[in-house]
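The values are calculated or read from the model by the stated rules, or taken from the named source; none is laboratory data. If you're wondering where the values come from, they're calculated on a predicted model, not measured in any experiment. When we count neighbours, we look across all protein chains shown, and the Cβ atoms used for this are built from the backbone with ideal geometry, even at glycine.
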Amino acid sequence: MQITGLNPDLEFARQTVAKLSNKGLKPEEIQDEMVLNQDLGIDSLQFIRLILELERKTARRIFNVQIIAQIKTFRDLCVAISAV
Amino acid sequence: MGWLAGSPATISRLLISGLLLIVILDCHCHIASHQIMPQQFFDGWSRTVKSNLPFRLDPVQEQRIDELLFELLEDPDCVSLLREMDTAGIDQAVLLVIDFGLAYKNIELTIEEIHLAHKKLLNQSDRFLAFSNVDPRRGREGLDLFEKAVREWGFSGMKLYPPCGYSPDARILFPYYEICRELHLPVLTHIGPTTATLPFRHTQPQYVDDAAFHFPEVNFILGHAAVTHYQDAALLAQYRPNVFLDLSGFQTAINRNEFKKIIHWHLSRGLGRKLLFGTDWPIHRFWGNQRDWVEKFTALEPESLSPKEEMDDILGNNLLGILPRTERKYANYGA
């Protein structure tokens, strides 16, 4: 299920992930179940950049230690953003 | 091993593994508490983390990083640690005291109060072990506190933190090592860099050699040294039967894609029985949870980097072999 496909508000997340991924993927090629690290090449350092950029774009504090620990896939990331 | 019998983590893995006992021990954890980890330590740690990021931070982002790192140290009762140990299948974790009292000013708790905070956790749960640390420059009073911790309060080893300003081979530590020899307690000493607000002098493996030589019955664990200074540490572990290597900090090696190379380095030198699994909780919580680290570690086995028996040794059996409650109490590795 592509939860982000149903929610245009989360397209900025897809675009940000595509920008930081080292896999050369276009935003539309990012699937919900893709694992940020293995599938998208977002290592732990880039992950910090990702959450900082997402918080800046939303102007909200989205992440905390408990939430960060749960985020493995692009879907997890979108769920965290939607939960705020 | 009756002390493991009731833990949920053990029971779940007994079932999964067809009643074959696999013990996972985390040899290197700390209580995540702002009272126990001083502000000066945190400040240096935060500066290092931020300076290592491969992108520029604006002031708002710098503050946000500080906030997130600050959150990592908000588990003073180890509730989150226990929950993560359950999820990860970690049976027991060693909580390491660090005495920052002479290195930093304005420490909130006395070193005795810090020990008592650890003792409280030991009394509450059999999932924790604790190693005592008293800065050896505290004199007779410090030695008395150490003795009380290991003889009366249930601490099962000694921790050293040389960045606070002393070397593991300092003679003032020898009375402590005598007690460790008598009680069969391992000594775990920090190796390698740490927070930017402490000096890194005396944090190389070579500074352990003289102590390991003079106290061959005492097992010395080189904290992080299986990853930091791993080549020098491997040499010492190869030639000193009583030197073991702690893998905590391997998370940074994973980030740099160096972990497999490092593990191969050790295993190709026959050090599978000298390596100890550890996570350095809570330092690496930002990058993953305890289950992630166990999974990253056990993923080595299918890749043929480490056979199953060797993996079981590293995950728990090696530490069990040098803890005081086990049969093999002396540094008789290979005997």
Please go through segment A:36-67 and pick out each residue that is at pLDDT 90 or above and facing chain B (nearest Cβ under 10 Å). A:47, A:48, A:49, A:51, A:52, A:53, A:55, A:56, A:61, A:63, A:64
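Restricting the search to segment B:233-243, which residues are under 19 Å from the mean Cα position of the chain (by Cα) and not hydrophobic (A, V, I, L, M, F, W, C)? Break it down into steps so the answer makes sense when it comes.
Applying the first criterion (under 19 Å from the mean Cα position of the chain (by Cα)) to segment B:233-243 yields B:233-234, B:236-237, B:242-243.
Scanning segment B:233-243 gives a single hit, B:242.
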Six or more apart or on different chains, Cβ under 8 Å: which pairs go from a residue in segment B:245-271 that's within 14 Å of another protein chain (Cβ to nearest Cβ) to one that's part of a helix (DSSP H, G or I) and among the β-branched types (Val, Ile, Thr)? Could you list them? B:250/B:262; B:253/B:262
Could you look through segment A:68-81, keep only residues that are surrounded by fewer than 18 Cβ atoms within 10 Å (Cβ to Cβ) and facing chain B (nearest Cβ under 10 Å), and pick out the one that is farthest from residue A:37 (Cα to Cα)? A:70
I need the full set of residues from segment A:11-41 which are closer than 15 Å to residue A:81 by Cβ and assigned to a loop (DSSP other than H, G, I, E, B), in order please. A:30, A:32, A:36
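Could you tell me which residue of segment B:57-73 is farthest from the other protein chains (Cβ to nearest Cβ), considering only residues that are under 16 Å from residue B:282 (Cα atoms) and touching a residue at least 12 places away in the same chain (Cβ under 8 Å)?
Keep residues of segment B:57-73 that are under 16 Å from residue B:282 (Cα atoms), which gives B:65-73.
Subset that is touching a residue at least 12 places away in the same chain (Cβ under 8 Å): B:65-66, B:68-70, B:72-73.
On the way: B:65: 7, B:66: 12, B:68: 7, B:69: 9, B:70: 9, B:72: 6, B:73: 10 Å.
So, considering only residues that are under 16 Å from residue B:282 (Cα atoms) and touching a residue at least 12 places away in the same chain (Cβ under 8 Å), the one farthest from the other protein chains (Cβ to nearest Cβ) is B:66.
Determine, yes or no, whether residue A:4 is modelled with pLDDT of 85 or more, among the hydroxyl-bearing types (Ser, Thr, Tyr) and in contact with a helix residue (DSSP H, G or I) (Cβ under 8 Å, 6 or more places away or on another chain).
On the way: modelled with pLDDT of 85 or more: no; among the hydroxyl-bearing types (Ser, Thr, Tyr): yes; in contact with a helix residue (DSSP H, G or I) (Cβ under 8 Å, 6 or more places away or on another chain): yes.
Spelling it out, it is not the case that residue A:4 is modelled with pLDDT of 85 or more, among the hydroxyl-bearing types (Ser, Thr, Tyr) and in contact with a helix residue (DSSP H, G or I) (Cβ under 8 Å, 6 or more places away or on another chain).
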Test: residue B:54 is free of Cβ contacts under 8 Å to residues at least 24 places away in the same chain, more than 10 Å from chain A (Cβ to nearest Cβ), farther than 13 Å from residue B:282 by Cβ and surrounded by fewer than 16 Cβ atoms within 10 Å (Cβ to Cβ): no
